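> Handing you this structure, nothing more for now.
The values are calculated or read from the model by the stated rules, or taken from the named source; none is laboratory data. Quick caveat: nothing in here was measured; it's all calculated off a predicted structure. Using ideal geometry, Cβ is built from the backbone for each residue, glycine included, and neighbour counts are taken over all protein chains shown.
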Amino acid sequence: MLKARKWWPADLYLEGSDQHRGWFHSALLAGVVTDHRAPYKAVLTHGFVLDGQGKKMSKSAGNVVAPQDVIKQSGAEILRLWVSAQDYRDDVRISPEILTHLIEAYRKIRNTCRFLLSNLYDFDPDKDRIPYEQLPELDRWALHRLSELIPRVRQSYEDFEFHTIFHALNNFCSVDLSAVYLDILKDRLYTFRADSPFRRGSQTVLFEILVAMTKLMAPVLSFTAEEIWRTLATQPGGSQSVSSVHLSTFPEVQPQWQDAALAQRWERLLKYRTQVQGVLEEKRREKVIGSSLEAHVYLTTDVKTGHWIYASCADLGTLFIVSQVTVEQRSDATTDLKVSVTKSTHAKCERCWNYREAVGKDTSHPTLCERCVEAVQ
């Protein structure tokens, strides 16, 4: 039948693991005898679907989870996401509880894409794009992380490692984007002047990330990816090269995005950020501060670490999402970094909510800081 349709040899034989000594084997023997080669280019075998406790499904046991019921209740995207999240080489489990966890993961991916889209409403990539060389380190770090995601996902598709794709995309959205990059970026996106090079630079990176993620997720989250693609087409300069994401090719990594030295430097900076966040949380529980922007952070470092911090990060306040950071280098310091936090003594800017010394010094805008005065003027 495959030969008659000129599909021979088949690209892929797909069946359950019970066929290792059945169909695959007999087809291999027949192909070698008649054509001196295997009748397929690749073989993929999978386990069987069990319930949440690892038991075989049966109507009498009442533990059957029907695909049409999952689609009716949660949508086809969730069913596809469940399939992609499983390591199919072993028996796989499905239950309402497992699906609930996947729904949360799907919401994280979808809401991350919504955030990216919502901050590109006034960005025209043909006019507003900022060259890579002019991007701040934070933006270049995000592109470096994207440059690691793209080949990992592409290779996983080649190797049929679909569960790796799911975990890579979910981790990128949850950790690299939501917990770090987007968390730090909100102040820049919301309070800087609309055409500020810093804001346009961040939008450049958001655009690159969104387009790449949409293409990478398209084989799994087909409807979601197409919805994002069509929404992008309605935004300024958003006419894509092809009408559907499913007609596009996978993203390529730009060589300049890969910067191992920058990644190593930011790994250390983010470790310090986590340390600062721990102290900020303690001060919240003690009612010393509410928002992290109320905080004045004091860093006590040894001389070597102090020099390194100054050389590596120009704006520690932005990194820690606080209003003020003071670094004191001590030759007798016993640790590389010690963190303490007090409440800022400065006034609060009513626009960006930062506590800054300059608030009240501009008579035309007495409730704004110097950065917001520049933005509104």
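> Could you identify the single residue in PRO236, PRO251 that is touching a residue at least 12 places away in the same chain (Cβ under 8 Å), crowded, with 17+ Cβ neighbours inside 10 Å and part of a loop (DSSP other than H, G, I, E, B)?
Working: PRO236 fails: crowded, with 17+ Cβ neighbours inside 10 Å.
The conditions single out PRO251.
> I've got another one for you. Every residue in segment 199-223 that is surrounded by fewer than 19 Cβ atoms within 10 Å (Cβ to Cβ) and either in a helix (DSSP H, G or I) or small (Gly, Ala, Ser) (or both), please. If you could, list the steps in order and put the result at the bottom.
Within segment 199-223, the subset surrounded by fewer than 19 Cβ atoms within 10 Å (Cβ to Cβ) is 219, 222-223.
SER222, PHE223, listed by residue number.
> Filter segment 79-94 down to the residues that are among the aliphatic types (A, V, I, L, M) and in contact with a helix residue (DSSP H, G or I) (Cβ under 6 Å, 6 or more places away or on another chain), then identify the one that is surrounded by the most Cβ atoms within 10 Å (Cβ to Cβ).
Looking at residues that are among the aliphatic types (A, V, I, L, M) and in contact with a helix residue (DSSP H, G or I) (Cβ under 6 Å, 6 or more places away or on another chain), I get LEU81.
> If you go through segment 203-221 one residue at a time, do you hit one that is under 21 Å from GLN254 (Cβ atoms), among the hydroxyl-bearing types (Ser, Thr, Tyr) and touching a residue at least 60 places away in the same chain (Cβ under 8 Å)?
Just the residues of segment 203-221 that are under 21 Å from GLN254 (Cβ atoms), to begin with: 203-218.
Of the ones still in play, those that are also among the hydroxyl-bearing types (Ser, Thr, Tyr) are 204, 214.
Keeping just the survivors that are touching a residue at least 60 places away in the same chain (Cβ under 8 Å) gives 204, 214.
Checked segment 203-221: at least one residue is under 21 Å from GLN254 (Cβ atoms), among the hydroxyl-bearing types (Ser, Thr, Tyr) and touching a residue at least 60 places away in the same chain (Cβ under 8 Å).
> Being of a type in the set (Gly, Ala, Ser), in the same structural domain as ASP139 (by TED's automatic domain parsing) and on the phi > 0 side of the Ramachandran plot, is that true of even one residue in segment 233-240?
Here is the first cut: in segment 233-240, the ones of a type in the set (Gly, Ala, Ser) are 233, 237-239.
Now restrict to residues that are in the same structural domain as ASP139 (by TED's automatic domain parsing): 233, 237-239.
Still in the list and also on the phi > 0 side of the Ramachandran plot: 237.
Yes, segment 233-240 has at least one match.
> Is it the case, given these coordinates, that GLU77 is of a type in the set (D, E, K, R) and modelled with pLDDT of 85 or more? Step through it out loud before you land on a result.
Numbers: of a type in the set (D, E, K, R): yes; modelled with pLDDT of 85 or more: yes.
Here the answer is yes, as GLU77 does meet what is asked.
> Name the single residue, out of those in segment 138-186 being part of a helix (DSSP H, G or I) and among the aromatic types (Phe, Trp, Tyr), that is surrounded by the most Cβ atoms within 10 Å (Cβ to Cβ).
If we filter segment 138-186 for residues that are part of a helix (DSSP H, G or I), which is where we start, we get 138-158, 162-186.
Within this subset, residues satisfying the condition of being among the aromatic types (Phe, Trp, Tyr) are 141, 157, 162, 166, 172, 181.
Details: TRP141: 23, TYR157: 15, PHE162: 19, PHE166: 25, PHE172: 23, TYR181: 21.
Among them, the one singled out is PHE166.
> Determine which member of the set ASP187, ASP159 is touching a Cys at 6+ places or on another chain (Cβ under 8 Å) and at pLDDT below 95.
Numbers: ASP159 fails: touching a Cys at 6+ places or on another chain (Cβ under 8 Å).
So the residue among ASP187, ASP159 that is touching a Cys at 6+ places or on another chain (Cβ under 8 Å) and at pLDDT below 95 is ASP187.
> Search segment 95-120 for residues being of a type in the set (A, V, I, L, M) and touching a residue at least 60 places away in the same chain (Cβ under 8 Å), and hand back the single one that is surrounded by the fewest Cβ atoms within 10 Å (Cβ to Cβ).
The first filter runs over segment 95-120 and keeps only residues of a type in the set (A, V, I, L, M), leaving 98-99, 102-103, 105, 109, 116-117, 120.
Subsequent filtering for residues that are touching a residue at least 60 places away in the same chain (Cβ under 8 Å) retains 105, 109, 116-117, 120.
Working: ALA105: 19, ILE109: 23, LEU116: 23, LEU117: 17, LEU120: 22.
My answer is LEU117.
> For segment 51-70, give me each residue that is exposed (fewer than 11 other Cβ atoms within 10 Å of the Cβ) and in a loop (DSSP other than H, G, I, E, B). I'd like the intermediate steps shown before the answer.
Initially, segment 51-70 is screened for residues exposed (fewer than 11 other Cβ atoms within 10 Å of the Cβ), giving 53-54, 58-62, 66, 68.
Across segment 51-70, the qualifying residues are GLN53, GLY54, SER58, LYS59, SER60, ALA61, GLY62, ALA66.
> Oh, and also: Being among the charged types (D, E, K, R) and modelled with pLDDT under 95 is the filter; apply it to segment 288-316 and report the residue that is nearest to LYS343 (Cα to Cα). If you could, list the steps in order and put the result at the bottom.
Let us first name the residues in segment 288-316 that are among the charged types (D, E, K, R), namely 294, 302, 304, 315.
Checking the rest, the ones that are also modelled with pLDDT under 95 come to 302, 304, 315.
Values: ASP302: 24, LYS304: 28, ASP315: 19 Å.
Filtering segment 288-316 for residues that are among the charged types (D, E, K, R) and modelled with pLDDT under 95, the one nearest to LYS343 (Cα to Cα) comes out as ASP315.
> Listed residues ASP51, ASP69; which is under 31 Å from the mean Cα position of the chain (by Cα) and at pLDDT 85 or above?
Answer to the selection: ASP69.
> Here is a list: ALA333, ALA261, ALA311. Which entry is among the aliphatic types (A, V, I, L, M) and surrounded by 14 or more Cβ atoms within 10 Å (Cβ to Cβ)? Show your work before the answer.
Numbers: ALA261 fails: surrounded by 14 or more Cβ atoms within 10 Å (Cβ to Cβ); ALA311 fails: surrounded by 14 or more Cβ atoms within 10 Å (Cβ to Cβ).
Going through ALA333, ALA261, ALA311 in turn, the sole match is ALA333.
> Now a separate question. Within segment 276-328, can you find the residues that are over 17 Å from LEU138 (Cα atoms), in a loop (DSSP other than H, G, I, E, B) and in contact (Cβ under 8 Å) with a residue 12 or more places away in the chain? I'd like the intermediate steps shown before the answer.
Step one: of segment 276-328, the residues over 17 Å from LEU138 (Cα atoms) are 276-307, 323-328.
Now drop any that are not in a loop (DSSP other than H, G, I, E, B), which leaves 286-291, 302, 323.
Correct list: VAL288, ILE289, SER291, ASP302, SER323.
> Do we find a residue being modelled with pLDDT of 95 or more, of a type in the set (Phe, Trp, Tyr) and in contact with a His (Cβ under 8 Å, 6 or more places away or on another chain) anywhere in segment 205-212? Step through it out loud before you land on a result.
Within segment 205-212, the subset modelled with pLDDT of 95 or more is 205-212.
This time we only want the ones that are of a type in the set (Phe, Trp, Tyr), so: 207.
Going one step further and asking which of them are in contact with a His (Cβ under 8 Å, 6 or more places away or on another chain), we end up with none.
Checked segment 205-212: no residue is modelled with pLDDT of 95 or more, of a type in the set (Phe, Trp, Tyr) and in contact with a His (Cβ under 8 Å, 6 or more places away or on another chain).
> Given the conditions (1) surrounded by fewer than 17 Cβ atoms within 10 Å (Cβ to Cβ); (2) under 25 Å from THR234 (Cβ atoms); (3) not hydroxyl-bearing (Ser, Thr, Tyr), and given that PHE123 satisfies all but one, which numbered condition is not satisfied?
Of everything listed in (1) surrounded by fewer than 17 Cβ atoms within 10 Å (Cβ to Cβ); (2) under 25 Å from THR234 (Cβ atoms); (3) not hydroxyl-bearing (Ser, Thr, Tyr), PHE123 misses just condition (1).
> Can we say LEU270 is under 30 Å from HIS163 (Cβ atoms), modelled with pLDDT of 95 or more and in contact with a Ser or Thr (Cβ under 9 Å, 6 or more places away or on another chain)?
Working: under 30 Å from HIS163 (Cβ atoms): yes; modelled with pLDDT of 95 or more: yes; in contact with a Ser or Thr (Cβ under 9 Å, 6 or more places away or on another chain): no.
Taking the combined requirement at face value, the residue does not satisfy it.
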